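Okay, structure first, notes after.
Read-outs throughout are calculated quantities, based only on the coordinates presented, and are distinct from any laboratory measurement. This one's a predicted model, so the numbers in the text were calculated from it and none came from an experiment. A quick note on method: Cβ atoms are made from the backbone with ideal geometry, for glycine too, and the neighbour counts reach across all protein chains shown.
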Amino acid sequence: MSNRIVITTDYLHSGDTVDTMLREHGLEPVYSPAKGSRTDEEKLSLFEGAAGAIAASEPVTREMLAAAPTMKIIARAGVGYDSIDLDAAVELGIRVCNTPGVNHHAVAEMALALMLSCARKLSTVFEGVTAGGWPREAGTELRGKTLGVIGYGPSGRAIAALGAALGMRVLVSTAHPDRSPGIEFADFDTTIRAADYLTLHSRAGTGEPLIGADSFAAMKSSAVLINTARGSLVDETALVQALNDGQIAGAGLDVLQREPIDESNPLLTMDNVVITSHLAGQTFEARERAGVAAAQAVIDVLDGQTPNGLVV
């Protein structure tokens, strides 16, 4: 059996904890970090001769998996796995795992950072000071505002708790309500209509975007959309139109439909939009937890054990 483990996650490297774990189990880490687009030839040869992979969020297609007959396991060093062709993995007998619960506090803190940046116009202030100015525009406080949370998994719960701690009214739309103190539960339509800040913490769907033109039309004109979950959750064309028409006041986006962002994307030119580079879960602490969990999943599958975070 092959002992090669291809690692495409760019923050994992030779000599770190994950590298040591794998080598101590007789495995050979091979590093091929995801940096921009790969050619078709590079994609097809990426997993050649590998028994497993610890993967970043770049697409893993049927063709790539079919070209890797020795592959047994792909572990995502993160929560999302929609970039992997799961049907192909099942057909080819390849296990797919993710690492739930490793970065929800990091994601919630980034959602809060985006909210604060939009509320206090921090990107405009930073640019103004750097350019030699001294901007003194008034912002708004989060306290007393309504935080709408769509999805109540680990990151949704974490941002809800942060919002409540800041004195916000927290309204959550979820199929799994509980009795969390300080949290109100409502249906989707009620939540988006009431929210001053609407933050998304749902899994990626397979159909139309969760937030589209109808949602923007229903939101407050003073509302701000926050997305640290999946770019596919938001219809970007409708978002641009809503921002241009004043249907909503702003957006804080860590994820986009296309990443890295295209330089022609009109969102880049809007002073009421804050964009970060899909790094909500990228703290040192979360990276360590994700890498170790992914490595353990690889080891477990190759040892014939059932791993944590098994998707298929």
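Modelled spin labels at Met270 and Ser37, positioned 7 Å past Cα toward Cβ, are 2.5 nm from each other.
Helix 154-165 versus the longest principal axis of the chain: what angle, 0 to 90°, nearest 10, using Cα atoms? The angle comes out at about 30 degrees. About the centre of its Cα atoms, the chain shows a dipole size close to 840 debye [charges on the beta carbon of Lys, Arg (+1) and Asp, Glu (-1) only; nearest 20 debye].
Extending 7 Å from the Cα toward the beta-carbon at both Asp262 and His25 defines two label points whose distance is 4.1 nm.
Straightening the chain between Glu91 and Ser180 buys 27.9 nm, computed as 0.36 nm per residue apart minus the Cα-Cα spacing. This model, with +1 at the C-beta of Lys and Arg and -1 at the C-beta of Asp and Glu, gives the stretch 47-132 a dipole about its Cα centre of some 320 debye. With a Förster radius of 30 Å, plug the Cβ-Cβ distance of Ala213 and Ser123 into 1/(1 + (r/R0)^6) and report the FRET value to the nearest 0.05. E between Ala213 and Ser123, to the nearest 0.05, is 0.70. Remark: C-alpha extents of the chain on the principal axes read 62, 48, 35 Å, sorted largest to smallest.
So, R0 is 35 Å and r is the distance between the beta-carbons of Ser14 and Leu116; what FRET efficiency does that work out to, to 0.05? Walk me through the numbers before you get to the answer.
Numbers: r = 37 Å, r/R0 = 1.07.
In this case the efficiency is close to 0.40.
Here the dipole of the stretch 132-259 is about 400 debye; that uses its Cα centre as origin and unit charges on the Cβ of Lys and Arg (positive) and Asp and Glu (negative). Pairs of Cα atoms nearer than 8 Å and 6+ residues apart set the relative contact order; for the chain it is 18 percent.
Relative to the longest principal axis of the Cα atoms of the chain, the long axis of helix 104-120 makes an angle of roughly 30 degrees. Counting helices only, and only those DSSP H runs with n ≥ 4, report the 222 nm mean residue ellipticity of the chain as the sum of -39,500 (n - 2.57) divided by its residues, in deg cm²/dmol to the nearest 500. It comes out at -10000 deg cm²/dmol, rounded to the nearest 500. For the chain, the longest principal axis of the alpha carbon atoms and the long axis of helix 284-302 meet at an angle near 30°.
Would you please give the FRET efficiency between Thr70 and Asn308, computed as 1/(1 + (r/R0)^6) with r the Cβ-Cβ distance and R0 = 22 Å, to the nearest 0.05? Once the sixth-power term is evaluated, E becomes 0.40.
Report the Rg/Rh value for the stretch 86-204, based on alpha-carbon coordinates and the Kirkwood definition of Rh.
1.12
Between Ser45 and Trp134, the distance separating the two model label sites (each 7 Å from Cα on the Cα→Cβ line) works out to 6.0 nm. Summarising the amide proton neighbourhood of Leu46: residues at separation of 5 or more, or on other chains, whose placed amide H is nearer than 5 Å comprise an empty set.
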